[in-house]
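Since the structure comes first, as structure tokens, the remarks are kept for the end.
The values are calculated or read from the model by the stated rules, or taken from the named source; none is laboratory data. None of these values were measured; they are calculated from a predicted model. Cβ placement follows ideal geometry from the backbone for every residue including glycine, while neighbour counts extend to all protein chains displayed. These accessible areas exclude ligands, DNA and RNA; they are computed on the full protein's heavy atoms, side chains included. Shrake-Rupley method; radii C 1.70, N 1.55, O 1.52, S 1.80 Å.
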Amino acid sequence: MSISNFQDIKKDFPIFSRKINGKNIIYLDSAATTQKPNEVINSISDYYKNYNSNIHRGIYSISIEATELYENARNTLAKFINANSSRELVFTRNATEAINLVANTWIPSNLKEGDSIILTEMEHHSNLVPWQIIAKKLKLNLKFIKIQTDGSLILDNLEELFKENAKFLSLTHVSNVLGTINPIKDIISKAHNHGITTLVDAAQSVPHMSVDVQTIDSDFFVFSGHKMLGPSGIGVLHTKKKILENMEPFLYGGDMISNVSLNDAQWNEIPWKFEAGTPNIVGAIGLGKAVDYLNNLGMSNVHKHEQELYSYAVEKFSDLKEFKIFGLENKNSTGCVMSFSYSDFHPHDIASILDGESIAVRAGHHCAQPLMEKLGVPATTRASFYVYNDESDIDKLFDGLQKVRSVLT
Amino acid sequence: MSDDIYKEIILDHYRNPRNKGKLTDPDISAQDNNPVCGDRISIDITLKDNVVSDIKFDGEGCAISQSSASILTDMLMDKTVDELSKFTKDELLEELGTPSLGPARIKCALLSLKVLKIGTYQYLGTELPEDPEN
């Protein structure tokens, strides 16, 4: 079997020319953050060298150009997720900030004491803690769609959960621990039948597969740039126009206003009403370049590449004694993450010894402690794949795991 | 960091932990966990004339945290309560033989010491310092 979808792609990523202790970096932690191609890195220095200025207000050339670059990035992102309009896209710091924005603006204006927010047991802490806080503040209830050990959600009692005072549903598109793809279109459609407003945490889906927010029909849809080849500190909140227009601002200050007197202010139009202060201009531009790069590869090829890598890994590791992949039996998975246990070796020991071979994997609870509890483990080791990974990375991981056994036994 | 941190003494105590278990009616008893990785350690101590006469640890986690607890309990036998409260991380790290654990793993190594300090300060009725293991 040969996986040659993206030949020579590592050359586009300067970090892969770095050696640690004479060894190439085998990067298998893209679910945490991805490496950056030259196009993205260069766009950042190019901006600072040639366009640096503040946006939306300068009358001079470089400010006009900078504004155009920033807004073009918004258009690129909007097309990428097939938004109805780029005005529906708010730039945030990351998916976490986008979720906090919704929790602190839409929720207080629309939910009242006794109402429920529905979540799932597989959420990342960023799609759990903000809801816990606002629920305590407003005396709301949190209810959970349960997960089974194969990594899929138990959906046969949705109607029950969606009854009564359920007003809001927030769930992840793809599990960051297991790679499970949730049938969000179907779940959202059922939620809408009950008048429930919905948010999709797409931090682990947008980087790996083609998504269409109009088909998904989510009310809110959030993701982070750094997990899709873009810079850190830039993320996206997509919201249906009607909802966004009627929302209160999140942060207040410059750029989000249309008119200010000493005692009062009127808000700017969407999406700028939600972008107070000078935004992460270069972050947005870099993210736009990352999307160009992904579009060149083709998102269906990206998805196919990861699934092939995952299959290759599953076959390769089937020979390894006492090696268990979590969620393996669930076929509806992106293939971008492989969480595993290996004998009774603790994930931190596994990760430390692999690091000695210059292999980067994640060990821990992956910001999903409730899910770890469900799987019955305190932590897992997670290898995650992206466009620049290939078979040789998986072969090195295999060799590294042999070393783990020889060190620890 | 690499497998250099897995010194023989650590691997020995990881494979054959000493003083593992619980005590009935201990004078000092405490537990804590490392929220990042889920390592969990409890330490029970029985005193006789203010001196450690029996000590056990229990818990689960990585080789570093568990072997460190095992090594620590070995070091504490026959120590006075005063010596427990003054026990330093350097003494423990020297015994572990891994001076360069790095920021990611040092917390694993010092979890048992933190638990010891929590228990000892509680026993003495004095306020726990902010970073008791340091």
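For the stretch A:357-409, what is Rg from Cα atoms divided by 2.2 N^0.38 Å, rounded to two decimals? Each step should come with its number before you reach the end.
Details: Rg = 13.2 Å, N = 53, 2.2 N^0.38 = 9.9 Å.
So the stretch A:357-409 has a normalised radius of gyration of 1.33.
Overall shape of the stretch A:1-43 was characterised from the C-alpha gyration tensor. The equivalent ellipsoid obtained from it has semi-axes of 17, 16, 12 Å, in decreasing order.
Which of the GluC sites (Glu not before Pro) across the stretch A:192-275 are loop residues per DSSP, with 14 or fewer other Cβ within 10 Å? Provide the component values of the computation, followed by the final result.
On the way: sites: A:GLU245, A:GLU269, A:GLU275; in loops: A:GLU269, A:GLU275.
Here the sparse-neighbourhood loop sites are A:GLU269.
Spin-label pair A:LYS163-A:ILE64: with each label point 7 Å from Cα along the Cα-Cβ axis, the two points sit 6.3 nm from one another.
Other residues lying with their Cβ under 13 Å from the Cβ of B:GLU83 contribute a combined charge of 0, Lys and Arg counting +1, Asp and Glu -1. Legend: residue pairs A:LYS146/A:LYS185; A:LYS137/A:LYS242; A:LYS49/A:LYS79, Cα-Cα distance threshold 22 Å; pairs beyond threshold, A:LYS137/A:LYS242; A:LYS49/A:LYS79. Rolling a 1.4 Å probe over the protein heavy atoms of the stretch A:353-396, with every protein chain left in place, gives an accessible area that is 45 percent carbon and sulfur. Put simply, the amide H of B:ASP32, placed in the peptide plane, has neighbours under 5 Å in B:ILE41, leaving out anything fewer than 5 places away on its chain. Dividing the summed -39500 (n - 2.57) terms of all DSSP H runs of n ≥ 4 by the residue count of chain A sets its mean residue ellipticity at 222 nm at -11500 deg cm²/dmol.
Averaging Cα coordinates gives a centre for the stretch A:1-80 and one for the stretch A:130-184; these two points are 34 Å apart. With a 1.4 Å probe rolled over the protein heavy atoms of all chains, the accessible area of A:PHE91, A:PHE144 falls in the order A:PHE144, A:PHE91, largest first.
For B:LEU110, the solvent-accessible surface with a 1.4 Å probe is about 10 Å², rounded to the nearest 10. Amide H contacts of A:ASP255: A:GLY277, each under 5 Å away and 5 or more positions distant or on a separate chain (H built 1.01 Å from N in the peptide plane; Pro and chain starts excluded). Here's how it looks for A:PHE220: its modeled amide H is under 5 Å from those of A:THR198, A:LEU199, A:VAL200, which are all 5 or more places away or on a different chain.
For the residues A:LYS10, A:LYS139, a 1.4 Å probe over the protein chains yields an accessible-area ranking, largest first, of A:LYS139, A:LYS10.
So which chymotrypsin sites (Phe, Trp or Tyr not before Pro) in the stretch A:1-60 are both in a DSSP loop and have at most 10 other Cβ atoms within 10 Å of their Cβ?
Values: sites: A:PHE6, A:PHE16, A:TYR27, A:TYR47, A:TYR48, A:TYR51, A:TYR60; in loops: A:PHE6, A:TYR51, A:TYR60.
Those satisfying the criteria are A:TYR60.
The calculated P(r) of the stretch A:1-107, using every Cα pair and 5 Å bins from 0, goes 2, 9, 11, 15, 17, 16, 13, 9, 5, 2, 0, 0 in percent. Residues A:LEU140, A:LEU251, ordered by accessible area of protein heavy atoms at a 1.4 angstrom probe radius and largest first, appear as A:LEU251, A:LEU140. Across chain B, Cα-Cα pairs more than 25 Å apart make up 18 percent of the total.
I'm a student and want to see the number: the projected area of the Cα convex hull of the stretch A:41-295, averaged over all directions, in nm². It would help to have the intermediate numbers written out before the result.
Working: hull surface 56.8 nm².
Spelled out: convex hull of the Cα atoms, projected over all directions, averaged, 14.2 nm².
Each distinct pair of alpha carbons in the protein assembly as shown adds a 1/r term; the inverse of their mean, the Kirkwood radius, is 25.7 Å. When the convex hull of its Cα atoms is viewed from all sides, the stretch B:22-63 shows a mean projected area of 3.3 nm². Distances over 25 Å make up what percent of all Cα-Cα pairs in the stretch A:279-409? So the pairs more than 25 Å apart make up 34 percent of the total in the stretch A:279-409.
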